[in-house]
Every structure is written in structure tokens, then in C-alpha cells.
1. Quick check: at a probe of 1.4 Å, how many percent of the accessible area of the chain sits on carbon and sulfur atoms?
2. Before I look further, what does the chain give for accessible area per residue, probe 1.4 Å, in whole square angstrom?
3. Counting Lys and Arg as +1 and Asp and Glu as -1, each charge on the Cβ, what is the dipole of the chain about the Cα centre in debye, to the nearest 20?
4. Please give, to one decimal in nm, the separation of the simple spin-label points placed at THR249 and SER89, each 7 Å out from Cα toward the Cβ.
5. May I ask for the angle, rounded to the nearest 10°, between helix 11-21 and the longest principal axis of the chain, with both axes built from Cα atoms and the value confined to 0 to 90°?
6. In terms of the Cα gyration tensor, with a ≥ b ≥ c the square roots of its eigenvalues, is region 209-292 rounded because a/c is under 1.5, prolate because a/b exceeds b/c, or oblate?
7. Charges only on Cβ, +1 for Lys and Arg, -1 for Asp and Glu: so what's the dipole of region 141-262 about the Cα centre, in debye to the nearest 20?
8. Expressed as an acute angle from 0 to 90° and rounded to the nearest 10, what is the orientation of the C-alpha long axis of helix 247-260 relative to the principal long axis of the chain?
Amino acid sequence: MTTSSVPELDVELRLRLGRRFGSGIDAWFDALPAVLSDLAERWAIEWGTLIQRGSMSVVIRCQTADGRPAVLKASPERERIAHEAAALSAWATIHVPAVLAVDERAGALLIEAVEPGTPLVESATYPTLESIAALLTSLHDDGVPDPLYRPVAHHITYLFDSGMKNYERKPDLAEQIPLELYARGRQLAMRLAADAAPTVLLHGDLTPVNVLDGGAERGLVAIDPAPCLGDPAFDAIDLIFWRAEDVETIAVRAEQLAPAIAANAGRLLDWCVAFAGMVALEIAEASDGAHEQVESLVALASRA
């Protein structure tokens, strides 16, 4: 698996991070091989291959001196890496990977590799309600809601601001998902965030891309958190939406999952209503062949 030199930081990787960070990423990329070589020496790791995923970090498979499979992440957003490392360390649960090393100045994090590690987004089946509930309750019961982390309202603002870029890339999307509908979803999300509710340490980005198969003993394992503080129901949104072709499926999932995570079913569905326009926009921007699913999400978003 391993190689003695830093893997090539290829064009695909540079383009993906460039879309996120702009041309300013070039200087960071140019300096990165030397940074990675220094980390490999200090942390005694052997390099494996690039993991071509995500737009925030360079992710590389590696192996520790004692033969343990690991994953190294490096990002120009050093503060995000620092918060991610702190959150992963704060969760006393098998449902997140262990932190092996962190260098906040370099913006680098070394974590254990999850086995078999198949992302949920690549799974052929939808996970069981029990496995989703086990993941969510573990994250929310075992995390420490340190005031160091931003409130979920700040994270919601970031998400909706970022989602607007889809309209910039494809202005015609406003015909399918009206800007006014998108804005209403944002307003509902902010109202929900402001409501009095239990405040927990949230994962903040619990999408099917960031949930891995940890095998029979560990169940689902969450990676790449964007930690924030807020309503536990927030973390369930993307998992409820995943592979839901109609509003009824979303409503049934919310109703069934809510009691398993000690949430109010109506409030959980409201969170889904708030984000339905954003999800519809993402699907419509990425594909021209998902009209029925987009229409269902627009119908749900119209309830805001």
C-alpha cells in the first residue's frame, strides 16, 4: 500500500480545491510537499494513495510505524482542522475515528483509518433506523458542547450563503427553485436555531459522504465534522433526505427517527422543510435528470 514519497498532488485535486478556495490555493499547494515530508518524518508515517474526495482538504492514506492504517488530512483552513481535531477528541465514542496526531500550525490531522470504511453514499442500501439513531445519540450524548464552537445559526448562514453559488453557476435554476422559496427556507432554519432546545455538540456536516461503514462492531462512523452547537435534530437532516424520492418518505423517516433520538417529530420535519429548497437546488445543479425528486423537494419547501 505504502510509498516512500509524497503522492503526486495531481490536477484533479488542485482543480477541486481551487473551486473552493480560488487561485490563492496555488501557493499553499506549492509549499505542501515539503510540509507533508516534514509531517511524515515527525509522525513516522509511510505514504499510501490520495483519497480523491472533498473540496476542503488534501486527504492521503498512510500507515503508522506500528503498521496501523491511518488517514492524513491537510487544509489551508487551519482553524477548521483545529476544531475538527478538538471535536473528534471530545467524542468518547466508537462512532468517530481516533485522533492520532494534529499540527494546528500546519493545518494537518492524522486519524485512524475506519475499516472497511465504505462511505454511506456508495452503499447500495439505506441504513437501518437503529444504526442512524445509534450514531446520532452517541454523537450528541458523548460530545462536550464547549462554547469554543460557533452556534448552529452561524453554520446555517454559511450553508445558505454557499448554496447561493448554485444560482450563480446556473441562473435558470431560479425557475425550478424560486429565490423566494430558498429565502423562506433560510428564515425557517434561523427561527428553529433560535428556539429554545437542548444544545449539544453537533457534527454539522453529517452527509452520506461523511458517514462510513465501521463494520458490525462499530456500526456507522462519522468523519469530517464541522462542529457547532445547537439542536440535535439538525444533524439528522441529510440522512433523512438521502435517497428519499418523495415527501411521504421524508415525513415517515422523520416520524420514525424522532423518538429514537429523543426529538419532536414535527420539529424534525420542520428542519427538513427548511433545507428542502437547498437540497433541491444542489440536486438540480448537479443533474438534469432528477426532475421528480426536485419537484417533491420544492413541494416540501413550500410548506415553510
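1. Carbon-and-sulfur percentage of accessible area, whole number: 52.
2. Heavy-atom accessible area per residue stands at 46 Å².
3. 460 debye
4. 4.1 nm
5. Between helix and principal axis, roughly 50 degrees.
6. oblate
7. 340 debye
8. The angle comes out at about 70 degrees.
The values are calculated or read from the model by the stated rules, or taken from the named source; none is laboratory data. The structure presented is a predicted model; accordingly, all values stated were derived computationally and were not measured. Virtual Cβ from ideal backbone geometry, glycine too; neighbours counted across all protein chains shown. Heavy atoms of the whole protein, side chains included, go into the accessibility calculation; ligands, DNA and RNA do not. Shrake-Rupley method; radii C 1.70, N 1.55, O 1.52, S 1.80 Å.
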